[in-house]
Every structure is written in structure tokens, then in C-alpha cells.
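Quick notes on the structure that follows.
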């Protein structure tokens, strides 16, 4: 979308232009000049993008037989029309149901019945003067921005920029960090340290299921991160030796407002991506996919990033209800705002209730590639993984992986806000995540919806840590050029002391070829 | 004029100004730049000096640290440090050209108000006569569907009127607490543990025999916005109270105290009843960036005159928000507060006496509210805003029972119990005990008994 088209949509072009000017300021460094749209609301503006969801449709209208005409005697023409309209179907049901309901009622009762439906439809709609047009904040507060203001560097003793190890023993022994990696607190640190991967927490706590997925998740994952930072046996690689990885701390969020948190998360993720480092965001609820991907689009350009969405839910809800973001909406909002094309979305692991034919038809229409558990049931995981990785590698596209841990079976990840049985195993998850991070061009990753309080065994936190490790492994493989299809170390995947599978020589040769000179 | 001399002049002027400025009043007393640090401060310009000496800086940095910085930084370091703090301070407040002042909504949404639309009568599927009804198949045994205390169910105000209902227990599952969340599961967890409506050990009154009690279901909330929840809950509480029933509200986080009390005040009148509020947290945040939250609930009630400060009693304060400024503000509002420090110092018996005297002297009617954080974590580990060293469950229930028996109760609310945090469900049992304490109190009053009455059979086995 260009500035011009935004102005056409805006009620007050002057205000809109001012907004554009203001909003352009923080993004002038962007590599791609398509970042011109006002991306967020300042002041008390309305949401600047279209809010009509074309998928929200009434059912078709019905015809009523003449036999019920006497029952409709007291209705005005408008009321009669309403009863037959699509809008009335959610109350009165099909033509047969409607006829049956009419027959049970007197004409007076019919009139009251229809008026009640009309009232509900009208009352459900936003009405100026009656309903709040937005969620007001206390703009008089002298501490309005206290939640997100960053600590001036000068408050702490001077140090050189760069990753800062917290421990006394070769970096170990300090407070827990992701993977026991050094911390970085600013873009300056990332640049000075030539950081490859910055892991950051975003403790957003507004999911619709069991809440409290936020604050505890980012901290507990740091406690359970010995696995995250270790070496990998499948590829025989140690990510921390190949990549410079840092703990970038937590992003400030406002846990009373998802909408308000979005822009700040986006800013910090953008700050990471701008340096060329890969942001790995630990949630927090899945609303975070929106600012994460939007930030990547800010840096790499609109419609230049593809997304793989691992989830038991498709998270492309929108438009029916009053809010513009929650953990069920990020996919649609990203598409609606033009950050990602629908056709650049790949969905993996869907199996929740709630999706009807129209949802799947919509995905097909916009070219979204979906790989539901139903497909896995037909084809098996191996085939689906191959297909997903192939799709994700097309045209060397830049890829963001959004991993909702409820894609895992609750046996592996019971500690999540909205678990759905029948999901992936850890073995499948580790394989697909490692392969994607190794074989495709990953520029961002998030892991969301971890909710440690629901799992006193800490298993879910441990598994989440290993999902991140699988991606770190893949990224290290990618950097080392181990990007062939489903690479595994020929040394660790086969003992090769006999010819049991008939391919002993292949493994011996491959091992020999990988030998480093000093060995 | 060279820069050296400008600097010198500035320094002299600044020093002079600094000496003239009166010491700064802070929450902990006065602060003024110690004499030995004035030389260091002389490198700052007027604006910087004013920022430091006005005390504005103390919001960002404790005076101990400030004095350390003044004493140890060189001129450049000090100047850039103060500049950083000043730009930080400048960004604290709202700027309509930089900050979102209100979160936008989808005004085109077909179901914009979905969360607050009770089904109109003509659209209800089943026709029945108004009145509370049982969900149980058997006369004595309960059969599955959990209700508060196994009570009958009522859905509409006409049910309350037809049943001449005394007490309507209602869930308000808002889940936006500022501590750990899951209070939204509170109402159903309390329904699922059948320990409400137990007889009163002191008077042997059975609350469900003495009173007409119903489970009035739960009021719906907008799970993404407390702001959008408040009006609906206020309306529904007012409607409930308007039938003559006492609303007993089960949260939900403590932001729901605001619509709970406000709804009752809409029916009974603002300032016509006192508020007895048990909580570890003062909930009187005056400068919050939101318009409603648990931390602001009591502030809003006092600020809007819904309850009078002089008729508000707070018990059990000890949370992280209790500081001298807050207590000073409560004093200025004439709130009768009783902190854990007072309870430790004087003993609970003494504080209970004092509190009950305050209740006696107060208005005829009271709204009793309990944020479960008031109870010690040993007995209430599922408190969303948990704080160590709290009151014993028995002390809390005893105080509540007495007040509910001694006064006309216009409303009751228990908030912020997050069941997920307590695998043993002891917190649910104790939450039910808190609710039951008031229910029993109301029953004792209805039975015409003195609050202190003890049934002789309960007091003594009578054997010689």
C-alpha cells in the first residue's frame, strides 16, 4: 500500500499526512522503501487498514411458503424481509426450521421474535455514542511510557559494546541466560559482536486459554537452557562454536493490552533484524507472530518474507469480533496489512476444531499451503516433512518460522494455553525444525505459547528448549554449508563396522571426505 | 567570551541557585544536595541543576545512587548522565504524535458487542415459569453439574424475583490480573469443589436452609479488555441488586471490584454503604497508564466517590505497592487501613477489635471484599498476586463472618484466586470457606441471632 492509498482511506488527510511523516521517521533506515504505510496508530486514530473481512458473510436468504402468511400478518415489510434474510438464519435456522417456529407462535409472538433478532443484530454492531470506539488509555498519566522506556546506557559503568558474558568461569556461573549465552542489550552490542542469532523473550500473557504463558515462560526457558546451548549429535555440530548467539533479554510488553505491546515488540525485533542477526523470539502468546513478521517485513521488504506456521490452530481468525489482534489473529492481520502474501504462508500441524469448509476454501483461494494432521494421516510424516521443506526452500525465499508449541502432542507439551491432542512428537518436531533451519533461508524464528505453570514436571519447558536447539543446530549447519537434503553426520548415523544395510562404503567415504586435515 | 569563562559563570550561577533552592520533599523525607557534592554539581547547566535539585530525578534513581554518581563522575560523565536521565524523563508522558493513546477496535465487526448480549426473551429456546430451579435429579444427592454450594440455578432477574432470592452467587471470570493469571478459572473451580454452604459451627445455622441462595451463572467478559468488560458487569450487578438479592461475586481478578461495587452503588446509592476490603495490595495506583486494572480498583472507587474513604476499611496490606506515599494518600482519604505491621505489632485480636469498632461506627450497610492475596501463601498458594507473611485463613473468615452477621450486606466479592497455581486445590477449599463465612454471617443475621451468639451445644459437651 502506498501513502496515496492510505490517504484515500483516512478520514482526515491532514492528520494522516502528519502521521505518515511521524511514522516515516523511525523507519528511514529500512532497506526497502516500500515501508511507507502507517503501521500503527498514534493518538486516538482508527486502525488505518481495511477492517472488512470478506470471509464474514451471512447465509443465503430463504423463501417462506404462503401457508405461513397469516403468521406474518403483524410484521412490517422490513421485518418480514429481515426474517427471510441471511442475517436471521443464525437465529431462525433453515427454511424448514423457520416454518416450524412460525407455526408454534401467534402473530404477536412472531413479531416479538423477529424484533428480538433485529435487536441482537443491531446491538451487536458498533454504534457511535453508545459503544467505545477504542480502548482508552489514561493519557494523563505522568508514567504513560514507563513500561517501555529503556535504561540509559550511562546509568551503568562504561564498557565496550558487544556480547557480555555474565559468569566468572569462562562465561559460566552467572544468572541463567538462554543457552548460557552472553547477553546483549542494544543494537550496538549486536553489531560490535557480529551476532548471528539473538534470542529474546516477549512475555506477553494475553492468550485465550490458560493465561500466564508469558513472564514465566521466558524466565523458565532460561533456567532450562543447558540443552539449548549444547552440541548436536545428529549433525555433529556445536552451534555456539559456529554462530555467535546472544541472549537479547526480554522485550517490554503491556500485559493489559496486546495492541499496545505489538509496536514495541516490532521495534525491538526490527532492531535485531537490521543488524543481519536472526531474531529468535520466545513468547508469550501467539499474537507475537504479528510484530515479529512485520518487523522482518520492515527490514527485508513487504511480501519478501515467507512464514511457516507450526500450530494446531490456523490463527487466521479476524473480522468477526471487535479486537484487531489476539493470539488467534496474527496470520490474517499480517496478510491484511500486506506484510506477507497469503501464498507465502505454509501451515503445518493444524487439527483444532472451529475450522469449517469456508476456512479451507479461503486458504486454497489465496494459495496458502496447509499441511494438516489429516494429511499426515494419509501420507505419513516423512512425506509431509519433505514436502514442507521443499515448499519452504522454493526460490531461496526468506523464511520466518513461527512455532506454537501446541503443534506438539500434549504428551510432549501439556503446558500450553490451548492444547489439542493428536499432534507431533518431539522426534518429528526436531527433524523438521532442524531441516528447515539448515536447508532454507531462515531470517526469523519464534516459539510461543509455552506456559510452564501447567507442567510441574517441566517437560514442556525442556522440550521447548530443544526445539530452539534444533533450529540453532540447523542454522549452524547452514552456515557450515551442510545444506544437502536431510543431512545427517555419516559418522554418528552409522557405525559402519559391517555392511548390514549394504551401504557401508558410502558412509565410510562420506566420513573420510569430512575429515579435517589435522585428524 | 571563551567557553571556559562561560562554563565558570554557569557554574557560579548554578552553585548560587543550588544554594538558594529549598531541600526537596520526598516520600522518605527531605533531600538536598549535600554540601560536599555541590562542587561536582557546578559543572551542570541551569536546566540540569534544576532537574537534579527539583527532585524530579528521584523518580528514576534513588538518592543514595544519585549521590554516588555525583561524587564519582567526572564533568563530562555527569553531564551526559544527567542529559540521559532528562531525555528519559521527557519521554515518560504521552505524546499524541508518538504514542498510541487508545487501542483501536474493529468498528465493522458484526459481533462487536458479542460479549455483552444476554439473549432476549423471545429468542430463548425453552419456555419455563420464572424461578430458581435445581440441576439435580435427586432430592438429596447432587447429580453432576457443579453449582456454587450445590445451589439452585437462576438465569434471569425474574427468576430472582420469583424465588424471592436472598443471595445470588455469580462468577465474574475476568482474567487480566497484574500478577500471575488464571483467576478466570476461579468461579468454575469454586463450583467444582462442594464446600460452600456448610453449616456454621458457631450458631449451627445452615445457610441454605436459612436463605434462598442461587448460582446466578457467570457474567461474560471481554477477555482482551477489562475496559470493555466493566460496563456490562456494572449493569448486571446493578440489575441483580435491584431485585433485592445480595450479589456475591466470585472473580476474576481484582479489577472486578470496581464494577462490583459500582453496580451495587447504582442500586443502593453512592456513599450509602461502607467497604471492608481484605487485601495484601492497596490497589490505589493514582497515575496508571490504563483506565482500569486491579491496581486501580480502589482508587477509582474512592476517586469517583462511589465509596467514601472514611467508610472504607482495608485489612492485611503488605504488598509491593505499599509505600509511604500510598499510605499517606490513604490517610488523606481517611481510609482506615490495617497493615500486617499493625497486626504483628498489636496482635490480631487487638486489630480485630479496632476494626469491628470501626465497622460498628460506620454506616448500616457494608460491601465486603476479599482479594485472596490477604491470606498467607501457606493457606492460599493460588493467589494471583501472592505475597508472603499474610493473615491466617481462620482470622480472615472470622472477621468476615462477624461483619456479615452484624451489618446489612449489600454485596460481597472474592477475587484473584488462580486455581492452576495450586494442584492440591486447597486454595479452592479456602476460597469457598471465605465465601461461606459471609454466607453464614448473612444467614445468622436473617435468623435474628446476635453475631457473637454461640450455640450451647457447639460450645460445651455438657458432661460433668
(Q) Just to be sure I understand the filter: pairs with C-beta atoms under 7 Å, separated by 6 or more residues or on different chains, first member in region B:349-368 and modelled with pLDDT under 95, second member part of a helix (DSSP H, G or I) and surrounded by 12 or more Cβ atoms within 10 Å (Cβ to Cβ). Which pairs pass? (A) none
Q: Might you let me know whether region B:66-73 holds any residue that is facing chain A (nearest Cβ under 9 Å), in a strand (DSSP E or B) and surrounded by 14 or more Cβ atoms within 10 Å (Cβ to Cβ)?
A: no
(Q) Every residue in region A:39-79 that is within 45 Å of the chain's Cα centre (by Cα) and more than 13 Å from chain B (Cβ to nearest Cβ), please. (A) A:60, A:61, A:62, A:63, A:78
Q) Can we say residue B:193 is over 26 Å from residue B:408 (Cβ atoms) and more than 12 Å from chain A (Cβ to nearest Cβ)? A) yes
Q) Taking into account only those residues within region A:261-284 that are surrounded by 24 or more Cβ atoms within 10 Å (Cβ to Cβ) and within 14 Å of chain B (Cβ to nearest Cβ), which is nearest to residue A:39 (Cα to Cα)? A) A:262
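Results for (1) at pLDDT below 95; (2) under 16 Å from the mean Cα position of the chain (by Cα); (3) under 21 Å from residue A:320 (Cα atoms), shown as yes or no for each residue.
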{"position": "A:344", "(1), (2), (3)": "no, yes, no"}
{"position": "A:348", "(1), (2), (3)": "no, yes, no"}
{"position": "A:354", "(1), (2), (3)": "yes, no, yes"}
{"position": "A:377", "(1), (2), (3)": "no, no, no"}
{"position": "A:384", "(1), (2), (3)": "no, no, no"}
Q. Looking at (1) more than 8 Å from every other protein chain (Cβ to nearest Cβ); (2) in contact with a helix residue (DSSP H, G or I) (Cβ under 6 Å, 6 or more places away or on another chain), which is the only condition residue B:80 fails?
A. (1)
Q: Looking only at region A:212-228, decide whether some residue is touching a residue at least 60 places away in the same chain (Cβ under 8 Å), touching a helix residue (DSSP H, G or I) at 6+ places or on another chain (Cβ under 6 Å) and on the phi > 0 side of the Ramachandran plot.
A: yes
Q: Filter region A:390-417 for residues that are in a helix (DSSP H, G or I), buried (at least 20 other Cβ atoms within 10 Å of the Cβ) and touching a helix residue (DSSP H, G or I) at 6+ places or on another chain (Cβ under 7 Å) and give the result.
A: A:392, A:405
Q | Among residues of region B:160-185, those that are touching a residue at least 40 places away in the same chain (Cβ under 8 Å), more than 14 Å from every other protein chain (Cβ to nearest Cβ) and more than 16 Å from residue B:219 (Cα to Cα), counted | A | 5
Q: Within region B:423-436, track down each residue that is touching a strand residue (DSSP E or B) at 6+ places or on another chain (Cβ under 9 Å) and either more than 21 Å from residue B:240 (Cβ to Cβ) or surrounded by fewer than 23 Cβ atoms within 10 Å (Cβ to Cβ) (or both).
A: B:427, B:428, B:430
Q. Only one residue in B:78, B:123, B:105 is crowded, with 19+ Cβ neighbours inside 10 Å and over 31 Å from the mean Cα position of the chain (by Cα), so which one is that?
A. B:78
Q. Which of the residues spanning region B:30-54 are part of a loop (DSSP other than H, G, I, E, B) and surrounded by fewer than 18 Cβ atoms within 10 Å (Cβ to Cβ)?
A. B:32, B:34, B:45, B:54
Q) Of the residues in region A:118-154, how many are touching a helix residue (DSSP H, G or I) at 6+ places or on another chain (Cβ under 8 Å), at the interface with another protein chain (Cβ under 7 Å from one of its Cβ atoms) and farther than 18 Å from residue A:322 by Cα? A) 3
Q.
Tell me yes or no: at least one residue of region B:246-258 is modelled with pLDDT of 95 or more, more than 13 Å from chain A (Cβ to nearest Cβ), surrounded by fewer than 24 Cβ atoms within 10 Å (Cβ to Cβ) and under 16 Å from the mean Cα position of the chain (by Cα).
A. no
Q: Considering only region B:265-288, state which residues are out of contact with any helix residue (DSSP H, G or I) (no Cβ under 9 Å at 6 or more places or on another chain) and either within 14 Å of chain A (Cβ to nearest Cβ) or buried (at least 20 other Cβ atoms within 10 Å of the Cβ) (or both).
A: B:287
(Q) If residue A:82 meets every condition in (1) in contact with a helix residue (DSSP H, G or I) (Cβ under 8 Å, 6 or more places away or on another chain); (2) within 13 Å of chain B (Cβ to nearest Cβ); (3) at pLDDT 90 or above apart from one, which number is that one? (A) (2)
Q. Scanning region B:92-141 for residues that are more than 7 Å from chain A (Cβ to nearest Cβ) and in contact with a strand residue (DSSP E or B) (Cβ under 7 Å, 6 or more places away or on another chain), which turns out nearest to residue A:141 (Cα to Cα)?
A. B:132
**Q.** Counted residues, region B:212-235 - those being within 27 Å of residue B:398 (Cα to Cα) and buried (at least 22 other Cβ atoms within 10 Å of the Cβ)
**A.** 4
Q) Scanning region A:237-249 for residues that are touching a helix residue (DSSP H, G or I) at 6+ places or on another chain (Cβ under 6 Å) and buried (at least 19 other Cβ atoms within 10 Å of the Cβ), which turns out nearest to residue A:487 (Cα to Cα)? A) A:237
**Q.** Any hit, region A:307-324, residues being within 14 Å of chain B (Cβ to nearest Cβ), at pLDDT below 95 and over 26 Å from residue A:56 (Cβ atoms)
**A.** no
(Q) Looking at B:350, B:394, can you tell me which residue is closer than 30 Å to residue B:171 by Cβ and either within 14 Å of chain A (Cβ to nearest Cβ) or more than 16 Å from the chain's Cα centre (by Cα) (or both)? (A) B:394
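The values are calculated or read from the model by the stated rules, or taken from the named source; none is laboratory data. Just so you know, these numbers come straight off a predicted model, no measurement behind them. In this analysis, Cβ positions are derived from the backbone assuming ideal geometry, glycine residues included, and neighbour counts consider all displayed protein chains.
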